[in-house]
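Structure first, commentary second.
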Amino acid sequence: MKDAQESLLTGGLTRRDFIKSSGVAAVGLAATAGAVALPFKSMAASAPAAKDEKIVWSACTVNCGSRCPLRMHVVDGEITWVETDNTGNDLYGNHQVRACLRGRSMRRRIYNPDRLKYPMKRIGKRGEGKFKRISWDEAYDEIAASMKRIIKEYGNEAIYLNYGTGTLGGTVTKSWPPGSTLIARLMNLTGGYLNHYGDYSTAQITVGLDYTYGGGWADGNSFSDLENSKLIVQFGNNPAETRMSGGGLTYYLAEAKARSNARMIVVDPRYTDTAGGREELWIPIRPGTDTAFVAAMAYVMITEDLVDQPFLDKYCVGYDENTLPASAPARSDYKSYILGLGPDGIAKTPEWATRITGIPVETIIQTAREIATAKPCAILQGWGLQRTAAGEIASRSIAMLALLTGNVGINGGGTGARESDYSIPFVRFPTLTNPVKASIPMFLWTDAIVRGTEMTATRDGIRGVDKLKAPIKFIWNYAGNCLINQHADINRTHDILQDEKACEMIVVIDNHMTSSAKYADIVLPDLTTSEQADFCMDAFAGNMGYFIFADQAIAPQFESKGIYEICSEIAERMGVGEAFTEGRDQEGWLRHLYTLTKKQDPGLPDFETMRKQGIYKRRDPDGHYVAYKAFREDPQGNPLGTPSGKIEIYSERLAQIAATWELKEDEVIHPLPVYVSTFEGWDDKKRTIYPLQLTGFHYKARTHSTYGNVDILKDAARQELWINPLDADERGIQQGDLIRIFNDRGEVHIPAKVTPRILPGVVALGEGGWYAPDGSKVDKGGCINVLTTQRPSPLAKGNPQHTNLVDVQLVKKA
Ligand SMILES: Nc1nc2c(c(=O)[nH]1)N[C@H]1C(S)=C(S)[C@@H](COP(=O)(O)OP(=O)(O)OC[C@H]3O[C@@H](n4cnc5c(=O)[nH]c(N)nc54)[C@H](O)[C@@H]3O)O[C@H]1N2
Ligand SMILES: Nc1nc2c(c(=O)[nH]1)N[C@H]1C(S)=C(S)[C@@H](COP(=O)(O)OP(=O)(O)OC[C@H]3O[C@@H](n4cnc5c(=O)[nH]c(N)nc54)[C@H](O)[C@@H]3O)O[C@H]1N2
Ligand code: SF4
Ligand SMILES: [Mo]
């Protein structure tokens, strides 16, 4: 282990060695093989600066999971082209953090015709996009006056900071989580705001796996540790598209897999780019049925005596009756559930699961045997299968495979959660404490507008208080498109936002006229990252943590102003100007925060050096990260954060919630990860009307909706509906034909991508397409949220945006 790790750190093996020694790597890296032959110095070489050209370090700070340095070539105050990291070399572990095509097209986002140019006030109806230009002073005055009035009439609980991740990689500009933004600092100085918990990314898994492993967020091993694995199993995980940076996690996966030569199984309704020829086996699965697949594999492992019984006895609660807590009824353990000895009396055989999942019996049996016998085996899940109607249970069920096979806490194994990575601790902007304690599930903000005061803890998951005192009356929407584009059921949200007496004030701060900005009462043009200085970080960076000094490359375009100035001006009008700025300007804060960071980490370069060198990288000094290693070594000495201190397969806390919460008839909260039917699932009666399961995915063309207005990216990776040839034939649809996708909630018109890369009966659409209604509520932009439901998942009250039923028809032949 140590040797392998050392080779990562010292580059004991060159990439070239790999290409020679591994057939898999040779295929995967063929495109770069020519470059590898060059000496490392010239790998890093880039075009020299032209005359009168300066090169400034900047960054791409969007929420794609990565964060990449960009080196801006500036001539006469204009960015003429964009390069990326040129530091380090081509050795795995000391590699360059290379931007993807999105970051490299940053110019087209900065100089985009959609750019907001000056503050504006709405004159049409919300959503119409009719605005008049106003001055900054008018904008500030109006916002401050509205805030004062609403706080006076309804209290601070009526002020809401909507989710927005457009620039979460920044420090001053950080847009997520809302509590870490400058807007939060402003609000906390003026009485506070309504909190939310959870996020669109991981609402269900955060809650679900906490009941299994405790301690809040459940960790996985680092991707680099896959070099110790024999088998890698990916459930709903597509790092090739969702951690795309050349310095990011998909690169670690490829390199580590090349070292271990581990087999890889990809379980996904789609044949993803992560599979893309690098997998040994693709198992297409019906969306929302992973729990049944896992249950049947558990049946095979139990009946063939392949489970790791000593591990289950020592570290887990509720695998069998021996470790069930005293409060649990007889036969309520997982083994009894699987064997059909529990209350439902159904054995979870491969024959039972094949009907549900669509996976052949033989594949279920073989996969179970392979997972149980490949030691160690890394079970990984992305966040796709948890963004579903029973995502909490699904996420817990994937962890079962890691538990049954005793792979937790060891090198090459894992927990069934997503991978972990390493980051360099950095002191963040102090945003102070929110005096308001009430918190809503982030997905239910539209409900908090229309029925806020009716929402309760046991029905709607309200935390901090039993009931809300006021509905939402004022929304801050900073660097987010979740007012419309990224939130579910757009037509419903539209109707709610239309009522100006419900939510009375909406302030949007963005770079572009997005669909959300069209719903603003006041819209403020923000600076882009290239127009100001900031530290950027929070990347999913594998074992190499880094941060970037993103300097100001060009002057602010048009009348745009930065978030620091905007909040300072409003703070001034709220009477807390001095408390907000503490006498510093933006650069003053950057220096201050960096001084504090350097105090706790004296080895860092000084501020001016950072400004020049742009990026600072550091490899994880502890090497591979192995989640729950200390617990595995000494479970008594290092108990987990669960009530029992052990891994809870049976959760008493969940049993308690199941007994006390108000649930709808078809909603299940269960102490075990049991398979459940859900609304709009494969067996919903509604399938007679809407026969196709529509699942979403995060798409390489964009980061959510950001970069969605860049023409060349739109051409390179088109917005199309994935549909299997069998389903297409039945409907007379061929490649490229214009189709309509529809259900009770809305209708979208886009071209079809007819492909065997998707399971029959399932269609898939990349999330984040720009909503473009045609006046009669038909969207021509391919925005999936016209079709998604606002109905939350039962436990997390999270967004099931991958669970939808639709039908598809031909509109026009290509
Ligand atoms: N159906 C469906 N919906 C989904 C998802 C899904 O899988 N399916 N995924 C969900 C997930 S996981 C997430 S995280 C959310 C993401 O939803 P959002 O956080 O809304 O992400 P974006 O769509 O990228 O919107 C970011 C906004 O920030 C703006 N922006 C970018 N840079 C800056 C800047 O420097 N300053 C300012 N002021 N604005 C800037 C962009 O123009 C854009 O309008 O979407 C969720 N929605
Ligand atoms: N290029 C790009 N990268 C991104 C983003 C982006 O918008 N663009 N967004 C970033 C953000 S904020 C987030 S949260 C992450 C999201 O990361 P994820 O949530 O992991 O990404 P998804 O593409 O939604 O889902 C992963 C896979 O799950 C599959 N899937 C869907 N339903 C099921 C199911 O029921 N079972 C199984 N087994 N598989 C299923 C999908 O087909 C998809 O291939 O990505 C990040 N990276
Ligand atoms: S979109 Fe993500 S991977 Fe691409 S350049 Fe930006 S931060 Fe890097
Ligand atoms: Mo996300």
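As an exercise: evaluate P287 against (1) touching a residue at least 40 places away in the same chain (Cβ under 8 Å); (2) touching a strand residue (DSSP E or B) at 6+ places or on another chain (Cβ under 9 Å); (3) surrounded by fewer than 24 Cβ atoms within 10 Å (Cβ to Cβ); (4) within 20 Å of V361 (Cα to Cα) and give the number of the one condition it does not meet.
In the conditions (1) touching a residue at least 40 places away in the same chain (Cβ under 8 Å); (2) touching a strand residue (DSSP E or B) at 6+ places or on another chain (Cβ under 9 Å); (3) surrounded by fewer than 24 Cβ atoms within 10 Å (Cβ to Cβ); (4) within 20 Å of V361 (Cα to Cα), P287 misses (3) alone.
Do we have G198 as farther than 30 Å from I371 by Cβ, of a type outside the set (S, T, N, Q) and within 16 Å of ligand 3 (Cβ to nearest atom) here?
no
Checking I669 against (1) open to solvent by 50 Å² or more (accessible area, probe 1.4 Å); (2) closer than 17 Å to G318 by Cβ; (3) not assigned by the TED database to the domain that holds L324, only one condition comes out false. Which one?
Failing condition for I669: (1).
Restricting the search to region 109-137, which residues are surrounded by 17 or more Cβ atoms within 10 Å (Cβ to Cβ), hydrophobic (A, V, I, L, M, F, W, C) and assigned to a helix (DSSP H, G or I)?
Within region 109-137, just I110 meets the criteria.
Quick one: which residue in S224, S180, S175 is within 16 Å of ligand 1 (Cβ to nearest atom) and in contact with a Phe, Trp or Tyr (Cβ under 6 Å, 6 or more places away or on another chain)? So that I can check it myself, show each step before the final result.
Values: S224 fails: within 16 Å of ligand 1 (Cβ to nearest atom); S180 fails: in contact with a Phe, Trp or Tyr (Cβ under 6 Å, 6 or more places away or on another chain).
Of S224, S180, S175, the one residue that is within 16 Å of ligand 1 (Cβ to nearest atom) and in contact with a Phe, Trp or Tyr (Cβ under 6 Å, 6 or more places away or on another chain) is S175.
Can you tell me which residues in region 369-384 are outside any loop (DSSP other than H, G, I, E, B) and either in contact with a strand residue (DSSP E or B) (Cβ under 7 Å, 6 or more places away or on another chain) or within 14 Å of I398 (Cβ to Cβ) (or both)?
E370, I371, C377, A378, I379, L380, Q381
Just checking, does region 100-108 include any residue being under 29 Å from G575 (Cβ atoms), at pLDDT 95 or above, away from ligand 4 (no atom under 16 Å from the Cβ) and buried (at least 19 other Cβ atoms within 10 Å of the Cβ)?
First pass over region 100-108, keeping only residues under 29 Å from G575 (Cβ atoms): none.
Scanning region 100-108, I find no residue that is under 29 Å from G575 (Cβ atoms), at pLDDT 95 or above, away from ligand 4 (no atom under 16 Å from the Cβ) and buried (at least 19 other Cβ atoms within 10 Å of the Cβ), so the answer is no.
Run down N481, N485 and say which single residue is assigned to a loop (DSSP other than H, G, I, E, B), open to solvent by 10 Å² or more (accessible area, probe 1.4 Å), polar (S, T, N, Q) and not assigned by the TED database to the domain that holds K797. Quick ask: steps written out before the conclusion?
On the way: N485 fails: open to solvent by 10 Å² or more (accessible area, probe 1.4 Å).
Step by step, each of N481, N485 is checked, and only N481 is assigned to a loop (DSSP other than H, G, I, E, B), open to solvent by 10 Å² or more (accessible area, probe 1.4 Å), polar (S, T, N, Q) and not assigned by the TED database to the domain that holds K797.
Output the number of residues of region 237-256 satisfying the condition of being away from ligand 3 (no atom under 16 Å from the Cβ) and touching a helix residue (DSSP H, G or I) at 6+ places or on another chain (Cβ under 6 Å).
As a first pass, look at region 237-256 and keep what is away from ligand 3 (no atom under 16 Å from the Cβ): 237, 255-256.
The next check asks that each one be touching a helix residue (DSSP H, G or I) at 6+ places or on another chain (Cβ under 6 Å); those that pass are 256.
So the count comes out to 1.
The rows are residues; the columns are (1) at pLDDT 95 or above; (2) farther than 16 Å from F580 by Cβ; (3) open to solvent by 30 Å² or more (accessible area, probe 1.4 Å).
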{"site": "A139", "(1), (2), (3)": "yes, yes, no"}
{"site": "E142", "(1), (2), (3)": "yes, yes, yes"}
{"site": "K152", "(1), (2), (3)": "yes, yes, yes"}
{"site": "Y160", "(1), (2), (3)": "yes, yes, no"}
{"site": "G166", "(1), (2), (3)": "yes, yes, no"}
{"site": "P178", "(1), (2), (3)": "yes, yes, no"}
{"site": "L189", "(1), (2), (3)": "yes, no, yes"}
{"site": "Y200", "(1), (2), (3)": "yes, yes, no"}
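Please name all residue pairs, on different chains or six or more residues apart, with Cβ atoms under 6 Å, provided the first residue is in region 559-574 and is among the acidic types (D, E) and the second residue is assigned to a helix (DSSP H, G or I).
E569/Y140
Could you grab me the full set of residues in region 263-273 that are crowded, with 23+ Cβ neighbours inside 10 Å and either assigned to a loop (DSSP other than H, G, I, E, B) or within 16 Å of ligand 3 (Cβ to nearest atom) (or both)?
D268, P269, T272
Say whether the condition of being part of a strand (DSSP E or B), of a type in the set (D, E, K, R) and at pLDDT below 95 is met by at least one residue in region 495-514. Lay out the reasoning, then the answer.
We begin by selecting, within region 495-514, every residue part of a strand (DSSP E or B); these are 505-510, 512.
Of the ones still in play, those that are also of a type in the set (D, E, K, R) are 510.
Filter once more, so that each one left must be at pLDDT below 95: none.
So far as region 495-514 goes, no, none of its residues is part of a strand (DSSP E or B), of a type in the set (D, E, K, R) and at pLDDT below 95.
Go through region 682-697 and report how many residues are surrounded by fewer than 21 Cβ atoms within 10 Å (Cβ to Cβ) and either in contact (Cβ under 8 Å) with a residue 40 or more places away in the chain or within 16 Å of ligand 3 (Cβ to nearest atom) (or both).
Going residue by residue through region 682-697, those that are surrounded by fewer than 21 Cβ atoms within 10 Å (Cβ to Cβ) are 682-691.
Then drop every residue that is not either in contact (Cβ under 8 Å) with a residue 40 or more places away in the chain or within 16 Å of ligand 3 (Cβ to nearest atom) (or both), which leaves 682-684, 686-687, 689-691.
Looking only at that region, the number is 8.
Scan region 503-522 and give yes if some residue there is within 17 Å of Y163 (Cα to Cα), within 16 Å of ligand 3 (Cβ to nearest atom) and open to solvent by 20 Å² or more (accessible area, probe 1.4 Å), otherwise no.
Looking for residues that are within 17 Å of Y163 (Cα to Cα), within 16 Å of ligand 3 (Cβ to nearest atom) and open to solvent by 20 Å² or more (accessible area, probe 1.4 Å), one finds at least one in region 503-522, hence yes.
Which residues, counting only those in region 596-611, are in a helix (DSSP H, G or I), under 31 Å from the mean Cα position of the chain (by Cα) and either among the small types (G, A, S) or farther than 20 Å from W57 by Cα (or both)?
Here is the first cut: in region 596-611, the residues in a helix (DSSP H, G or I) are 596-600, 607-611.
Keeping just the survivors that are under 31 Å from the mean Cα position of the chain (by Cα) gives 596-598, 600, 610-611.
Hits for region 596-611 are L596, T597, K598, Q600.
Would you confirm whether any residue within region 395-412 is in the same structural domain as M301 (by the TED database), crowded, with 24+ Cβ neighbours inside 10 Å and within 16 Å of ligand 1 (Cβ to nearest atom)?
yes
Scan region 60-71 residue by residue and report those that are away from ligand 2 (no atom under 16 Å from the Cβ) and buried (at least 24 other Cβ atoms within 10 Å of the Cβ). Spell out how you get there, then give the answer.
At the first step, the residues of region 60-71 found to be away from ligand 2 (no atom under 16 Å from the Cβ) are 69-71.
Hits for region 60-71 are P69, L70.
Hey, can you tell me all the residues within region 336-358 that are closer than 10 Å to A292 by Cα and in a loop (DSSP other than H, G, I, E, B)?
K348, T349 - these are the residues of region 336-358 that are closer than 10 Å to A292 by Cα and in a loop (DSSP other than H, G, I, E, B).
So in region 417-457, with the set limited to residues that are among the polar types (S, T, N, Q) and open to solvent by 50 Å² or more (accessible area, probe 1.4 Å), which one is nearest to L380 (Cα to Cα)? Give the steps one after another, and end with the answer.
First pass over region 417-457, keeping only residues among the polar types (S, T, N, Q): 420, 423, 431, 433-434, 439, 446, 453, 456.
Checking which are open to solvent by 50 Å² or more (accessible area, probe 1.4 Å) leaves us with 423, 433, 453.
Numbers: S423: 21, T433: 36, T453: 40 Å.
Checking each candidate, the answer is S423.
Select from region 290-307 the residues that are touching a Ser or Thr at 6+ places or on another chain (Cβ under 8 Å) and open to solvent by 40 Å² or more (accessible area, probe 1.4 Å) and list them in ascending order. Working first, answer last.
Taking region 290-307 as the starting set, the residues that turn out to be touching a Ser or Thr at 6+ places or on another chain (Cβ under 8 Å) are 290-297, 299, 301, 306-307.
Result: Y299, L306.
Just checking, how many residues over region 756-804 are part of a strand (DSSP E or B) and either assigned by the TED database to the domain that holds N63 or among the charged types (D, E, K, R) (or both)?
The initial filter retains those residues of region 756-804 that are part of a strand (DSSP E or B), namely 758, 762-766, 773, 778-779, 804.
Filter once more, keeping what is either assigned by the TED database to the domain that holds N63 or among the charged types (D, E, K, R) (or both): 779.
Residues that pass the stated criteria total 1.
Out of F540, F547, report the one residue that is open to solvent by less than 10 Å² (accessible area, probe 1.4 Å) and either acidic (D, E) or within 23 Å of T706 (Cβ to Cβ) (or both). Full working, then the answer.
Numbers: F540 fails: open to solvent by less than 10 Å² (accessible area, probe 1.4 Å).
Answer to the check: F547.
State which residue is farthest from ligand 3 (Cβ to nearest atom) when the search covers only region 204-236 and only residues that are in a helix (DSSP H, G or I) and of a type in the set (A, V, I, L, M, F, W, C).
V207
Considering (1) open to solvent by 20 Å² or more (accessible area, probe 1.4 Å); (2) touching a Gly at 6+ places or on another chain (Cβ under 8 Å), say which one K348 fails and leave the rest.
(1)
The values are calculated or read from the model by the stated rules, or taken from the named source; none is laboratory data. The structure displayed is predicted, hence computed values, not measured ones. Every residue, glycine as well, gets a Cβ built from its backbone with ideal geometry; the counts of neighbours run over all protein chains shown. Only protein heavy atoms, including side chains, enter the accessible area calculation; ligands, DNA and RNA are left aside. Shrake-Rupley method; radii C 1.70, N 1.55, O 1.52, S 1.80 Å.
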